[in-house]
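First the structure, in the form of structure tokens, and then the observations on it.
Where a number appears in this text, it was derived from the coordinates with a stated rule and is not lab data. Remember, predicted model here, so these are calculated numbers, not experimental data. All Cβ positions, even for glycine, are placed from backbone atoms using ideal geometry, and neighbour counts span all protein chains on display.
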Amino acid sequence: MKNVVSLKSLLRPAWEVVYHFAVLMLMPLNFIGIKYYTKKFFPNSVLHISYMVHVPYYLTRTLRQYGIKADYMAIGTSPVWNRSDYQIEFSRWPFVRVIQEFIIFWKIMSRYEIIHSHFMVTLTYSAWEWPVLKKMGRKIVIHYRGCEIRDREKILKTYSDINICQECDYAKPPCRNRIILIKRALAARHGDLFLVTTPDLKMFAPQAAYIPFFTPEFDNEVYARNQPVGRIKDGFKIIHATNQPGIEGTKHIQKAVDNLIQKGHKIELVILRNVPHEIVLKELASADLSVGKLKMGYYANAQIEGMLMGVPTITYIRPEFMTEELVNSGFIFSSLANLEGTIEYYLNHPNELQNKCAIARTSILRVHDNQELAKQLSIMYRKVLN
């Protein structure tokens, strides 16, 4: 098969040449800005920057409750979420983009004491703002949340039986992306605090502190359960929410459910992919179970949200990360290999499913206590500022 070179790949080097030339031309503005804006900032402030997703939005709302001026800058758009304090879209023209970057940096970003970068997202294409922020005495928090810090070869070698890299469905895997690899080196050089959002990521960022997910504080009355749990006679509803079915092992989940249906069980498997967050929550409100993150080694946001809705959640946690608190929670721990048997067990034991349902919400709020997590993060922020 002949290699096909796309027009985009041919134009990219030219785009970058123009971009970097434009940055170089405008760089003197940074020396002026550093002189006049270093001491002009919002006290006790942090700007969270990320792709357009719901997690930083809820996190900043929670931090505000504890006296921190926390705002969220989203880069780009998303079909599933659209709420932020600043939403930035850049021109395709490199010179115009550079002008936009300079304006937004000096008008907004430079005014915050701390820049908290999720997924290593930066305002600028080349991350030129990081060294400028350092010269101004601002602090940079690098929050690794997933594949932007993972090492595919290391995962395949360490967890050869089952892992998230086996059926990776990223068109351009972040772990191999040239820009991501450059940002890893820049983050290591300029970061003042490093965080990981799940303990399995410390394998790739041992210097990082683990801080668990915050629980989203949506209006629970809006998404109140409208069906009793354990509707086994009328059909059993399972939710699987994912935007990466390969990484999640979705086809294996579907196969397990299909096998149970062939045995005569009435099951409705609802697979939610690239749908708005509020639809995920509404679907969870009428579910009997949710299933997800059976290949990663730890759970994530969708599993927490299911538990908040009072829906027992099947997931997988590596033994070294298991705690007594998790064992006694509303989680149901299984694996792709054992999933069919796990679901069938709760189909045949509805009272045990009901017991899990009864403790799902309270148990996840204990594990992910926003007040305690906000306190921990506030302490971390103060340490980097001092």
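With all pairs of different alpha carbon atoms counted, what Kirkwood hydrodynamic radius in Å does the stretch 315-381 show? Write out the running numbers ahead of the final one.
Working: mean 1/r = 0.0726 Å⁻¹.
Taking the inverse mean of 1/r over all distinct Cα pairs, the stretch 315-381 comes out at 13.8 Å.
Test of understanding: in a Gaussian network model of the chain with alpha carbons linked when under 10 Å, which of V121, V270, V17 would top the mean-square fluctuation ranking?
V17
Ignoring solvent entirely, what values of log10 I(q)/I(0) come out of the Debye formula for the stretch 236-367 at 0.12, 0.14, 0.15 Å⁻¹ when each Cα is a single scatterer?
Ignoring solvent entirely, the Cα scatterers give -0.40, -0.55, -0.64.
Got a sec to turn the phi values of the stretch 338-355 into Karplus ³J(HN,Hα) couplings, 6.51 cos²θ - 1.76 cosθ + 1.60 with θ = phi - 60°, whole Hz, x for Gly and Pro?
For the stretch 338-355, the Karplus-derived couplings read 9, 4, 4, x, 5, 4, 4, 4, 6, 4, 8, 10, x, 5, 6, 5, 4, 5 Hz, x marking Gly and Pro.
If you keep only loop residues by DSSP, which trypsin sites (Lys or Arg not before Pro) in the stretch 12-80 have at most 13 other Cβ atoms within 10 Å of their Cβ?
K39, K40
Modelling each spin label as a point 7 Å along the Cα-to-Cβ direction, I'd like the F41/K157 distance in nm, to one decimal.
4.0
Loop-only trypsin sites (Lys or Arg not before Pro) in the stretch 259-302, please: DSSP not H, G, I, E or B, and at most 15 other Cβ atoms within 10 Å.
On the way: sites: K263, K266, R273, K282, K293, K295; in loops: K263, K266, R273, K293, K295.
Answer by residue number: K263, K266, R273.
Could the peptides 75-82, 252-259, 53-60, 200-207 be put in order, highest first, of the mean number of other beta-carbon atoms found within 10 Å of their residues? Write down the numbers at each step before the final one.
Details: 75-82: 14.6, 252-259: 18.2, 53-60: 22.8, 200-207: 16.5.
Peptide ranking by packing, descending: 53-60, 252-259, 200-207, 75-82.
Taking only the alpha-carbon atoms of the chain, what semi-axes of the equivalent ellipsoid follow from 5 times the gyration tensor eigenvalues under a square root, in whole Å, largest first? Before the final figure, lay out each step's value.
Details: eigenvalues 323, 120, 68 Å².
So the equivalent ellipsoid measures 40, 24, 19 Å along its semi-axes.
With θ set to phi - 60° and the Karplus curve 6.51 cos²θ - 1.76 cosθ + 1.60, what are the ³J(HN,Hα) couplings of the stretch 101-111 in order, to the nearest whole Hz, using x for Gly and Pro?
4, 5, 5, 5, 4, 7, 7, 10, 4, 5, 7
With θ set to phi - 60° and the Karplus curve 6.51 cos²θ - 1.76 cosθ + 1.60, what are the ³J(HN,Hα) couplings of the stretch 144-159 in order, to the nearest whole Hz, using x for Gly and Pro?
Residue by residue, the stretch 144-159 yields 6, 10, x, 5, 5, 10, 6, 10, 4, 4, 5, 5, 4, 6, 7, 10 Hz.
Is it possible to state the helix-based mean residue ellipticity at 222 nm for the chain, with each DSSP H run of 4+ residues giving -39500 (n - 2.57), the sum divided by total residues, to the nearest 500 deg cm²/dmol? What is it?
Numbers: 14 runs with 164 residues, N = 386.
So the calculated ellipticity at 222 nm is -13000 deg cm²/dmol.
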